[in-house]
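The values are calculated or read from the model by the stated rules, or taken from the named source; none is laboratory data. Treat the numbers as computed from the prediction; the structure is a model and nothing was measured. We place every Cβ from the backbone using ideal geometry, glycine too, and count neighbours over all the protein chains shown. Note: areas computed on protein heavy atoms with side chains; ligands, DNA, RNA excluded. Shrake-Rupley method; radii C 1.70, N 1.55, O 1.52, S 1.80 Å.
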Amino acid sequence: MGEVEEKLKDYEIKREGEAEILMLKSNAVFFNPVQVHNRDMSIAVLRTFVAKHKEEHEALMKKRNKSHKKAKQNETSVQNGEDASTSQHDEIDVVREKELNQVVDEMDDLSKEATKTPSWKVTRELKPPLVLEALAASGLRSLRYAHEVNGLGKVVALDNDKASVEACKRNIKFNGASTISKVEAHLADARVYMLTHPKEFDVVDLDPYGSPSIFLDSAVQAVADGGLLMCTATDMAVLCGTNGEVCYSKYGSYPVKGKYCHEMALRILLASIESHANRYKRYIVPVLSVFMDFYVRVFVRVFTSASEIKNTPLKLSYVYQCVGCDSFHLQCLGRTIPKNNSVKYAPGIGPVVPQECSDCGKKFNVGGPVWSAPIHDEDWVVSTLTDVKSMKDRYPAYDKITSVLTTVSESP
Ligand SMILES: [Zn+2]
């Protein structure tokens, strides 16, 4: 302790939420207080995640028990059937077959569900969600998660810089015994670490300086089925169309300039994450997508389903932006044609606009593809907002995040 106290002279203690970190006095200028918005919002969404995680697990357990009961009942009726007389046999056979088919169907549904739904759902015991912070720096975010979000499992904080990992380890110690047992810091290239831990983390947090593009491919693989990927992009100029060609090289989407630039930035980022996920038979479901301060941040769940990824083209669109006025049109990449009891997939029919804008007569720029499906899950947004309001004192950025969440919940 004496050694720590002596060293403390060189440091300034920064407190945020329930975590404290030590910053070298000479580095304290780099502490960015506006990032508290980002961390508070993430904590709010994480709390919702923990609650939903539990709810979904309970619902599945209920369904499983019901199925098992039914299977048991059928077993009994099969045994009874064997004892019955020959005259009754045929009738019982018919009933039995019907019931067995029903059980087989149900088990089939269940196993289908198990492949597309979270891995935690298949285990009887609910395991507390594991969190990975891929680019943790001094670890403030990881420490706050561990301190403030009840029901979380371990938080793994990575950084590729030796000094940052040392600072992170120092901060873990400084926050006391309960943190030491909950947060781990490792020196690692996040991409290598995520690739070598496939589907291992229920939550993966990517908060880079600049673009997350080089981390997306490994990040979508590290998230467990039904888990949550939280991802920030701060390269707003790129996403908003200042350098369209740079945006295309990073995200695979061409931005067009429009008044909706922040929303387009979100939709480009979502399309890019989906595209990386699709390579591994996975797809995303956005729960919350926000523009705050100077960056965009998306919260998406990741699932695995070879059949669901066929729907991806239906969730993506090209954008026709008039160069003369504000009018723009979306051109969906794909469409479905109903066929008997199923659907056939086909390319979209275009173009959806004439050569010249019907409002001003000018030509259109073509951008995209962007994510054109919903960017929020209404239920998640409402749950998160309600939860935040119920614990006002625990959010240093309460006003900011409630205002963002309220705007989102009121938008169509
Ligand atoms: Zn026009």
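Key figures
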| read-out | value |
| --- | --- |
| Residue list for segment 321-373, restricted to those being touching a Leu at 6+ places or on another chain (Cβ under 9 Å) and charged (D, E, K, R) | Arg335 |
| Options Val290, Val302, Val285: the member that is open to solvent by 40 Å² or more (accessible area, probe 1.4 Å), more than 16 Å from the ligand (Cβ to nearest atom) and in contact with a Lys or Arg (Cβ under 7 Å, 6 or more places away or on another chain) | Val285 |
| Any hit, segment 244-256, residues being closer than 18 Å to Pro208 by Cα and aliphatic (A, V, I, L, M) | yes |
| Lone unmet requirement of (1) of a type in the set (Ser, Thr, Tyr); (2) open to solvent by less than 70 Å² (accessible area, probe 1.4 Å); (3) within 16 Å of the ligand (Cβ to nearest atom) for Ser358 | (2) |
| Single match in Val131, Val183 (criterion: closer than 17 Å to Leu22 by Cα and at pLDDT 95 or above) | Val183 |
| Sole exception among (1) of a type outside the set (Lys, Arg); (2) more than 16 Å from the chain's Cα centre (by Cα); (3) at pLDDT 95 or above; (4) away from the ligand (no atom under 16 Å from the Cβ) for His276, by number | (2) |
| Search result, residues across segment 225-281 that are among the polar types (S, T, N, Q) and touching a residue at least 12 places away in the same chain (Cβ under 8 Å) | Thr232, Thr234, Ser253, Ser272, Ser275, Asn278 |
| Qualifying residue in segment 240-261 (condition: open to solvent by 10 Å² or more (accessible area, probe 1.4 Å), in the same structural domain as Pro129 (by TED's automatic domain parsing), under 20 Å from the mean Cα position of the chain (by Cα) and of a type in the set (A, V, I, L, M, F, W, C)) | no |
| Test: residue in segment 309-327 that is closer than 30 Å to Ile214 by Cα, within 29 Å of the chain's Cα centre (by Cα), in a loop (DSSP other than H, G, I, E, B) and not assigned by TED's automatic domain parsing to the domain that holds Pro198 | no |
| Residues that are away from the ligand (no atom under 16 Å from the Cβ), aliphatic (A, V, I, L, M) and open to solvent by less than 50 Å² (accessible area, probe 1.4 Å), drawn from segment 311-332 | Leu316 |
| Subset of segment 361-394 [in a strand (DSSP E or B) and away from the ligand (no atom under 16 Å from the Cβ)] | Gly368, Pro369, Val370, Trp371 |
| Subset of segment 337-355 [open to solvent by 60 Å² or more (accessible area, probe 1.4 Å), away from the ligand (no atom under 16 Å from the Cβ) and not aliphatic (A, V, I, L, M)] | Pro338, Lys339, Asn340, Asn341, Ser342, Lys344, Tyr345, Pro347 |
| Among residues of segment 363-412, those that are exposed (fewer than 14 other Cβ atoms within 10 Å of the Cβ), more than 22 Å from Met264 (Cα to Cα) and not aliphatic (A, V, I, L, M), counted | 7 |
| Single condition Leu46 does not satisfy, out of (1) open to solvent by 20 Å² or more (accessible area, probe 1.4 Å); (2) within 19 Å of Asp377 (Cβ to Cβ); (3) not basic (Lys, Arg) | (1) |
| Identity of the residue in segment 399-412, farther than 24 Å from His53 by Cβ and part of a helix (DSSP H, G or I), that ends up farthest from the chain's Cα centre (by Cα) | Asp399 |
